[in-house]
1. Inside region 246-260, can you point out the residues that are open to solvent by 20 Å² or more (accessible area, probe 1.4 Å) and not polar (S, T, N, Q)?
2. When residues of region 25-64 are filtered for being in a loop (DSSP other than H, G, I, E, B) and surrounded by 12 or more Cβ atoms within 10 Å (Cβ to Cβ), how many remain?
3. With respect to Leu228, is the statement that it is within 15 Å of the ligand (Cβ to nearest atom) and touching a Ser or Thr at 6+ places or on another chain (Cβ under 9 Å) true?
4. State whether the residues of region 14-21 include one that is modelled with pLDDT of 90 or more and among the acidic types (Asp, Glu).
5. Would you confirm, using the coordinates I've provided, whether Arg330 is among the charged types (D, E, K, R) and within 18 Å of Asn181 (Cα to Cα)?
6. Collect the residues in region 135-168 that are touching an Asp or Glu at 6+ places or on another chain (Cβ under 8 Å) and surrounded by 15 or more Cβ atoms within 10 Å (Cβ to Cβ), keeping them in residue-number order.
Amino acid sequence: MNNSKTSELTRNALPGILGIEAYSPGMPIDELQRKLGLADVIKLASNENPLGASPRVRQALAEQMLKQNLALYPDGSGYRLKQKIAAYHQIDPSCITLGNGSNDLLEFLARIYAGPGRAVMFSDYAFAVYSLATQAQDADAVLVPAYPANHAMPYGHDLKAFSKMLGQRPDVSLIFIANPNNPTGTWNTPEEIETFLESVPPQVIVVLDEAYWDYQDPGLRPDARPWLDRFPNLVVTRTFSKIYGLASLRVGYSLSHPTVADLLNRVRQPFNNNSLALLAGELALEDQDFVRDSVELNTRERERLIREVEGMGLSVLPTQANFVSIGFGRDAKPIHQALLERGIIVRPMGSYALPEYVRVTVGSVDENTRFLGALKEILAA
Ligand SMILES: *Cc1c(COP(=O)(O)O)cnc(C)c1O
């Protein structure tokens, strides 16, 4: 390639885009198999459901796949899936927008509400997509300091600090809150969130990202449904990628005031969900037994992981999600590497400014046992 010309290729790129460092996802299993010549690899790096997707969904999807005319565009309005979501949340379908994963919706919201001269507010250690979407719009990121390491909710969102900072930043047009947050697993109580929503001016959009809602203990799960009536500036996002085990198909949705849904519909591509994803979403919502089984497994195994890891003298961040973030009190990169060499993929947290931590997805019983065994071995070496 001719390198002398590459500056021409970036000269007219938008400044926000040039500032972005591309998101680095959890390593795929076959990449590690290829790299290290390992046959038996497990991935606990992307918060995927260890049970996979519901067997009922898989069966119905396989049957439909043979019947479908793949030459036809999908239903761009997502009518049937929206009807199901509407019934599930007791909300009007006009409040629902479908996305290619909920990531899609987070980007649409930034496209609508963020840009040069405007600011987007989110916490330190918050989900990486908030910062990526903000930069892509060339908007200012207002990073709210998280709770300190010695707080009861270390590195968690400090919503009082959000409110305070909001008073000083009239340029903020959009706020992202992840509850629970990824990569920390930390959460805010329903009371904290409600008090925060009451403090936000009506023209500022608040996105409550509930990707891990189902994994929370019932007493800690906010019921955002009545808030949507009280706070028209609230947008709630949900995904089929985590508890429903459909990450590969890319489907998520938002609940919002119909006016915001109308804006979202203007920026999304007309067919942003493929027909199998739409169908899978419908079927998945119907199988709440599978959701219950997934929650049960996660709750039990999350407790076991925390207990065992703490027993090894390591620290664990408080978590209400399907992952635990483990602190080693020193650079965790060598631990991450040693786990890879044993065929176990976890997520290092250096890119989140938490280099002493790794994030580990709660896997199946066998996967967790294998992870714990490997970790014990590595610490003893
Ligand atoms: C995984 C995740 C999402 C959603 O991912 P999609 O697959 O795009 O739906 C959203 N927010 C957080 C905090 C996540 O961890």
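1. Ala247, Leu249, Arg250, His257, Pro258
2. Counting residues in region 25-64 that are in a loop (DSSP other than H, G, I, E, B) and surrounded by 12 or more Cβ atoms within 10 Å (Cβ to Cβ) gives 16.
3. Numbers: within 15 Å of the ligand (Cβ to nearest atom): no; touching a Ser or Thr at 6+ places or on another chain (Cβ under 9 Å): yes.
The answer is no for Leu228.
4. no
5. Working: among the charged types (D, E, K, R): yes; within 18 Å of Asn181 (Cα to Cα): no.
So Arg330 does not fit the description; no.
6. The answer is Ala136, Asp140, Leu143, Val144, Ala146, Tyr147, Tyr155, Leu159.
Okay, residues lined up against (1) more than 12 Å from the ligand (Cβ to nearest atom); (2) surrounded by fewer than 21 Cβ atoms within 10 Å (Cβ to Cβ); (3) in a loop (DSSP other than H, G, I, E, B); (4) without any contact (Cβ under 8 Å) to a residue 40 or more places away in the chain:
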{"position": "Gln83", "(1), (2), (3), (4)": "yes, yes, no, yes"}
{"position": "Ala87", "(1), (2), (3), (4)": "yes, yes, no, yes"}
{"position": "Ile91", "(1), (2), (3), (4)": "yes, yes, yes, no"}
{"position": "Leu98", "(1), (2), (3), (4)": "no, no, no, no"}
{"position": "Leu106", "(1), (2), (3), (4)": "no, no, no, no"}
{"position": "Ile112", "(1), (2), (3), (4)": "yes, yes, no, no"}
{"position": "Gly117", "(1), (2), (3), (4)": "yes, yes, yes, no"}
{"position": "Met121", "(1), (2), (3), (4)": "yes, no, no, no"}
{"position": "Tyr125", "(1), (2), (3), (4)": "no, no, yes, no"}
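Every residue, every condition in (1) closer than 16 Å to Asn233 by Cβ; (2) under 19 Å from the mean Cα position of the chain (by Cα), yes or no:
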{"site": "Leu109", "(1), (2)": "yes, yes"}
{"site": "Pro116", "(1), (2)": "no, no"}
{"site": "Ala119", "(1), (2)": "yes, no"}
{"site": "Ala128", "(1), (2)": "no, yes"}
{"site": "Pro148", "(1), (2)": "no, no"}
{"site": "Ala161", "(1), (2)": "no, no"}
{"site": "Lys164", "(1), (2)": "no, no"}
{"site": "Gly167", "(1), (2)": "no, no"}
{"site": "Ile177", "(1), (2)": "yes, yes"}
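The values are calculated or read from the model by the stated rules, or taken from the named source; none is laboratory data. These numbers were taken from a predicted model, which means no experiment stands behind them. Every residue, glycine as well, gets a Cβ built from its backbone with ideal geometry; the counts of neighbours run over all protein chains shown. Ligands, DNA and RNA are excluded from the accessible area calculation, which covers all protein heavy atoms including side chains. Shrake-Rupley method; radii C 1.70, N 1.55, O 1.52, S 1.80 Å.
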